[in-house]
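Here is the structure we will look at.
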Amino acid sequence: MRTMLRCDETEAWAALRGHYEAHGRDFDLRDAFERDPGRFESFSVEAPEVFADLSKNRIDSATLHFLIDLASECGLEARRDAMFAGDAINTTEGRAVLHTALRAPRGAGPFSAEVHEVLDAMLAYAEAVRDTAASGIKHVVNIGIGGSDLGPQMVVPALDTFVHPGIAFHFVSNVDGHDIAPVLRRLDPAQTLFIVASKTFTTQETMANAHAAKAWFEANGGTDIARHFVATTTNVAAAAEFGITTTFGFWDWVGGRYSLWSAIGLPIALAIGAENFRALLAGAHSMDRHFAQAPLLKNLPVLLALIDVWYRNFHGFTSRSVAPYHQGLKRLPAYLQQLEMESNGKRVDLDGNTLPYATSPVVWGEPGTNGQHAYFQMLHQGTDVIPVEFILVKHPTHDLADLHAKLLANGLAQSQALMLGKTTAQALQEKAPTASKQLDAATLAKHRTFPGNRPSTTLLLDQLTPTSLGALIALYEHRVFTSGALWGINSFDQWGVELGKALCNDLLPRLASGDTQGLDASTASLLRRLRG
Ligand code: F6P
């Protein structure tokens, strides 16, 4: 049951509507910087491991003031405290939401004894496997999907320089055999460790891939399933039935998309080792403390979420693009898609009332500079305004200084270009050697005009380390929590994935039998074509 005001019932919401009409709709970033030489200082925030420049967003101090009022009226701090305390804030499943407990220091936070018992056991196991001379393991295959895949799949390449050089990591998620088949082709059963990662241990894709791996293992002379298969799950009994004896458990209060800090992080621990895994947890914990303690006006996850709400509900922006200027973060956009869109892609409030306002934006992106040569055209000159989030890392872990300088200059240039744009008058004065000579100058200048005033946020990390990555991920988790809390939705269930699963179970036998009775004409015809 909802005990707090919903955002649209607050005075701040009405004030924001008025503020948007008076100052928001026509807000111009260039004028704002012109008017206020201290704008960068006023709208930048230092959080643990992450510095954020928010000044290229369409906000002024009044906007932030009203947004903070909104957070207060919606009881954000009480909601946040309830999450940390372990209240059952996932109301539709009657569960607590305690991923923060997974990274709390020993003795602190709820369930500390259980959490640290599993953590210690998992890290000891990881260290034993990392002793490759003794374990004989050279390949680790993580079989999982969604939250049981995307976290480790994102973190392992992000921390590439910390990864054990003698072990190759593979991630299999799709039920498409084109995913697992090429991985298995390159493996030797005697040198391979399979991790079956599934909170429920019932997910169709994961179980199908796990059975395929087991069949391959046995068919290729593999012996000792107990040594070469390990499970990370809350369903220990099902893992045992599969034949797995080494299992690292976790709890129903860890949501799939918040689970990389739990046993689901085993591939990460195998890759970077116990000490670095603990540093990842410590980085996340430092962001937890910041979220729990910093005043709202200096609280980075809160500020990012407030700007998200401002853009989504007042400006009407429908998506946000994430541009990590670090190749290691190439899977971050995919990870954030699940985190944000599975959490906040909801259309009813906590009482089940249909919402009269928008919730999760589409989150998408690619590492810079690849995105620049693909879809940035649309970001600069398309008809939609899409806020962009740049992630820049000051110090690389390679010594190719020339490349790194170019990477950083590209990132800075893009946020600058989005904001400054180029007027038609400027375009008229420029030479355009590749332009058609048939076209008159005025028409050409219109094609070469950039509207500018396109907002962006820049997040700066000093280095990409386990600690800073932990803090960055926790920053995103708390931002998603905050916008979900303001929207009055349950960010911790995912009923939207159920219908497709049920229909798939109905269609699977029909693909074999050809029975199309009761199907809509499109699905029936497609099924017939697929069988023909
Ligand atoms: O897609 C739905 C979902 O339940 C995700 O929330 C979850 O991360 C994923 O499936 C995998 O579930 P499991 O870990 O139980 O296999």
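The values are calculated or read from the model by the stated rules, or taken from the named source; none is laboratory data. Everything quoted here is computed from the prediction, not taken from an experiment. Glycine also receives a Cβ, built like all others from the backbone with ideal geometry; neighbour counts cover every protein chain displayed. Ligands, DNA and RNA are stripped out before the accessible areas are found, and what is left, the full protein with its side chains, is counted by its heavy atoms. Shrake-Rupley method; radii C 1.70, N 1.55, O 1.52, S 1.80 Å.
Please tell me the relative contact order of the chain in percent, rounded to the nearest whole number, where contacts are Cα pairs under 8 Å and at least six residues apart.
Values: 888 pairs, mean separation 103.8, N = 532.
Worked out over the chain, it gives 20 percent.
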**OP:** Leaving ligands, DNA and RNA out of it, report the carbon-plus-sulfur percent of the accessible area of the stretch 1-46 at a 1.4 Å probe.
**Re:** 49
**OP:** Would you mind checking which residues have amide H under 5 Å from ARG95's amide H? H placed 1.01 Å from N; only 5 or more apart, or other chain.
**Re:** ASN90
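At 1.567 mPa s and 4 °C, plugging the Kirkwood radius over alpha-carbon pairs of the chain into Stokes-Einstein gives what diffusion coefficient in µm²/s?
Numbers: Rh = 25.1 Å.
My calculation gives 52 µm²/s for D.
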Original post:
Taking Cα centroids, how far is the stretch 78-105 from the stretch 153-228 in Å?
Top reply: 32
Subject >> Lys/Arg +1, Asp/Glu -1 at C-beta; the chain dipole; positive extreme among PRO396, THR369, ALA104 >> reply: THR369
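If R0 is 30 Å, what FRET efficiency do you get for ALA121 and GLU218 from their C-beta distance, rounded to 0.05? List each step's numbers first, then the result.
Details: r = 27 Å, r/R0 = 0.92.
Once rounded, the FRET efficiency stands at 0.65.
Would you mind checking the pairs LYS346/LYS422; LYS199/LYS346; LYS298/LYS394; LYS138/LYS330; LYS346/LYS501; LYS406/LYS437 and listing those with alpha carbons more than 29 angstrom apart?
Violating the 29 Å Cα-Cα cut-off are LYS346/LYS422; LYS406/LYS437.
Of all accessible surface on the stretch 376-499 at a 1.4 Å probe, what whole percent is carbon and sulfur?
Numbers: 3440 of 5710 Å².
Answer for the stretch 376-499 is 60 percent, counting heavy atoms of protein chains only.
Which net charge results when you count Lys and Arg as +1 and Asp and Glu as -1 among the other residues whose beta-carbon is under 14 Å from that of TRP261?
Details: positive: ARG103, LYS199, ARG257, ARG278; negative: GLU114, ASP288, GLU477.
Its environment carries a net charge of +1.
Excluding ASP252 itself, what net charge comes from residues whose Cβ is under 10 Å from its Cβ, given Lys and Arg +1 and Asp and Glu -1?
Values: positive: ARG95, LYS199; negative: GLU93.
With Lys, Arg at +1 and Asp, Glu at -1, the net is +1.
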Subject >> Cα-centre dipole for the chain with unit charges at Cβ (Lys and Arg positive, Asp and Glu negative), debye to 20 >> reply: 1260
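Mind checking the full-extension length gain between VAL348 and ASP440? Use 0.36 nm per residue of separation minus the Cα-Cα distance, one decimal, nm. Provide the component values of the computation, followed by the final result.
Working: separation 92, 0.36 × 92 = 33.12 nm, distance 5.32 nm.
My answer for the length gained is 27.8 nm.
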Subject >> Selection from PHE248, ILE268, ALA158 lying farthest towards where the dipole of the stretch 106-273 points positive, charges on Cβ >> reply: ALA158
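Using a simple charge model, +1 on the beta-carbon of Lys and Arg, -1 on the beta-carbon of Asp and Glu, nothing else, what dipole does the stretch 279-373 show about its Cα centre, in debye to the nearest 20? Don't jump to the answer; show the numbers that get you there.
Working: 8 positive and 7 negative charges, 39 e Å.
With only Lys, Arg, Asp and Glu charged at Cβ, the dipole is about 180 debye.
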Subject >> Note, ³J(HN,Hα) from phi for the stretch 368-384, Karplus 6.51, -1.76, 1.60, rounded to Hz, x at Gly and Pro >> reply: x, 9, 4, x, 4, 9, 10, 9, 4, 3, 5, 5, 7, 10, x, 7, 9
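Over the stretch 106-273, what is the mean sequence separation of C-alpha contacts under 8 Å (at least six apart), divided by residue count, expressed as relative contact order in percent? Walk me through the intermediate numbers first.
Working: 282 pairs, mean separation 51.7, N = 168.
Once divided by the residue count of the stretch 106-273, the mean separation gives 31 percent.
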Original post:
Rounded to the nearest whole Å², what accessible area per residue is found for the stretch 438-518 with the 1.4 Å probe?
Top reply: 42
Original post:
By the scheme Lys and Arg +1, Asp and Glu -1, what is the net charge of all other residues having a beta-carbon under 15 Å from that of LYS501?
Top reply: -4
**OP:** Taking the Cα centre of the stretch 106-273 as origin, work out the dipole magnitude from +1 charges on Lys and Arg Cβ and -1 charges on Asp and Glu Cβ, in debye rounded to 20.
**Re:** 180
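From the C-alpha coordinates alone, can you work out the Kirkwood hydrodynamic radius of the stretch 56-164, in Å? Don't jump to the answer; show the numbers that get you there.
On the way: mean 1/r = 0.0550 Å⁻¹.
In the stretch 56-164 this quantity evaluates to 18.2 Å.
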Subject >> Over the chain: helical MRE at 222 nm, DSSP H runs n ≥ 4 each giving -39500 (n - 2.57), nearest 500 >> reply: -14000 deg cm²/dmol
**OP:** Could you please state, rounded to a whole Å, how far the C-alpha centre of the stretch 316-341 is from the C-alpha centre of the stretch 250-312?
**Re:** 16
Original post:
What part of the accessible area of the stretch 221-311, given as a whole %, is carbon or sulfur when the probe is 1.4 angstrom?
Top reply: 55
Subject >> Acute angle (nearest 10 degrees) that the helix 112-130 long axis makes with the longest principal axis of the chain, alpha-carbon atoms >> reply: 70
Subject >> Probe 1.4 Å, accessible area per residue of the stretch 106-273, Å² >> reply: 37
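Hey, what D do you get for the stretch 139-265 in µm²/s if you plug the Kirkwood alpha-carbon radius into Stokes-Einstein at 25 °C and 0.890 mPa s? Display every interim value, and only then the final one.
On the way: Rh = 14.5 Å.
After rounding, the answer is 169 µm²/s.
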